[in-house]
């Protein structure tokens, strides 16, 4: 029986990992997040409140459970917030990772860490794992700094970079590009949507499976894990609108320059995912298949998109 500890388990990816782990009979699952457990199902795993930016709390949890592997999904991922709250970004995205590295080294724990396509400048996408990062925002800088700390450590580690995660959390509270589109268009709100940035949307369940493969089998190195389809964010939003028969006249195409977001975004990312397919048995759903899964989950919450 392996012990796998998950950080950030109240988040979208964290929840999907916990739900996938409790379906297995060969893992003791330790679910950790800041504050109370917000998952609907609260059996089949152990929940502990954990602030990963508190070194003592990290040390105590590791001492208590001595995990075989840790999947670190906790981070400050709001790109513009990182630009405006740099101290908080460094604390959560770099210092906290240093505390996890320290604890993993002490207990021989394998670390699976989530990173991002934003470590690249977007000039030459789609990217392979060996391409050189060139972060363009403070968020991207912190994520790349964490990657470097992990690579310089004595750890057994895997870094999974990903792109635009979408899906539904238990309390339906977290937004992402799909839910944001549905909720805004249902409410008849005009939305500004970027027409010059290209990404590969990633279903949370697909990414969760890749994380578990990397943790359980102690896979080593950097992996690019995302959906296969590279598409303009504007097209992504239009596909969502069409799928749920929502009024796309409320979609206002806008350039990155005109939107004037605080943090700079890479224009074109996307990943070559052959390494993940081969070593993590990663087989992502298409975007339309993913939307069907989201639709079923929204129906379980009694939410109709139409």
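Just so it is clear, none of the values below were taken in a lab; they were calculated from the coordinates. Since the model is a prediction, treat every value here as computed from it, not as a measurement. Ideal geometry is used to build each Cβ from the backbone, glycine not excepted, and the neighbour counts take in all protein chains shown.
Using 0.36 nm times the number of residues separating residue 281 and residue 190, minus their current alpha carbon distance, what extension gain do you get? Provide the component values of the computation, followed by the final result.
Numbers: separation 91, 0.36 × 91 = 32.76 nm, distance 4.03 nm.
Value of the extension gain: 28.7 nm.
So how tilted is helix 287-300 from the main axis of the chain? Cα-based, degrees 0 to 90, rounded to 10.
That helix lies at roughly 80 degrees to the long axis.
Residue separation times 0.36 nm, minus the C-alpha to C-alpha distance between residue 180 and residue 217: what's the value?
Values: separation 37, 0.36 × 37 = 13.32 nm, distance 3.52 nm.
Length gained, residue 180 through residue 217: 9.8 nm.
With r as the distance between the Cβ atoms of residue 257 and residue 134 and R0 = 22 Å, compute the FRET efficiency 1/(1 + (r/R0)^6) and round to 0.05. Write down the numbers at each step before the final one.
Details: r = 20 Å, r/R0 = 0.90.
Between residue 134 and residue 257 the formula returns 0.65.
What percent antiparallel are the DSSP beta bridges of the chain, to the nearest 5? Each step should come with its number before you reach the end.
On the way: 2 of 37 bridges.
Percentage antiparallel, nearest 5: 5.
Using the Kirkwood radius over Cα pairs, work out the Stokes-Einstein diffusion coefficient for segment 120-255 at 20 °C and 1.002 mPa s, in µm²/s as a whole number. Can you show the working numbers first?
Working: Rh = 16.9 Å.
This corresponds to a translational diffusion coefficient of 127 µm²/s.
Pick from 220, 23, 15: which residue has the top mean-square fluctuation in a GNM of the chain where Cα pairs under 10 Å get a spring?
With Cα springs under 10 Å in the chain, the top fluctuation among 220, 23, 15 is at 23.
Along the Cα→Cβ direction, 7 angstrom out, place labels at residue 124 and residue 152. What is the inter-label distance in nm?
It works out to 2.4 nm between the two label points.
Per-residue ellipticity at 222 nm for the chain, helices alone: DSSP H runs ≥ 4 residues times -39500 (n - 2.57), over residue total, nearest 500 deg cm²/dmol? Mind dumping the intermediate values first?
Working: 12 runs with 117 residues, N = 306.
Mean residue ellipticity at 222 nm (helix-derived): -11000 deg cm²/dmol.
Could you state the angle between the C-alpha long axis of helix 233-243 and the longest principal axis of the C-alpha atoms of the chain, as a value from 0 to 90 degrees rounded to the nearest 10?
Helix 233-243 and the main axis of the chain meet at about 80 degrees.
If we count other beta carbons within 10 Å of each Cβ, what is the order of 87, 196, fewest first? Don't skip to the answer; put the middle values down first.
Working: 87 8, 196 17.
Listed from fewest to most nearby Cβ atoms, that is 87, 196.
For the residue pair residue 249 and residue 64, what label-to-label distance in nm results when each label sits 7 Å from Cα along the Cα-to-beta-carbon direction?
In this crude spin-label approximation the distance works out to 5.6 nm.
Taking the beta-carbon count within 10 Å as an exposure proxy, list 250, 271 from fewest neighbours to most. Kindly include the intermediate steps, with their values, before the conclusion.
Working: 250 17, 271 28.
Lowest count first: 250, 271.
Just 114, 259, 13 to compare: in a GNM of the chain, with alpha carbon springs under 10 Å, which one fluctuates most?
Among 114, 259, 13, the largest mean-square fluctuation in the Gaussian network model of the chain belongs to 259.
For helix 138-152, what angle does its Cα long axis make with the longest principal axis of the chain, in degrees from 0 to 90 and rounded to 10?
For helix 138-152, the angle is close to 30 degrees.
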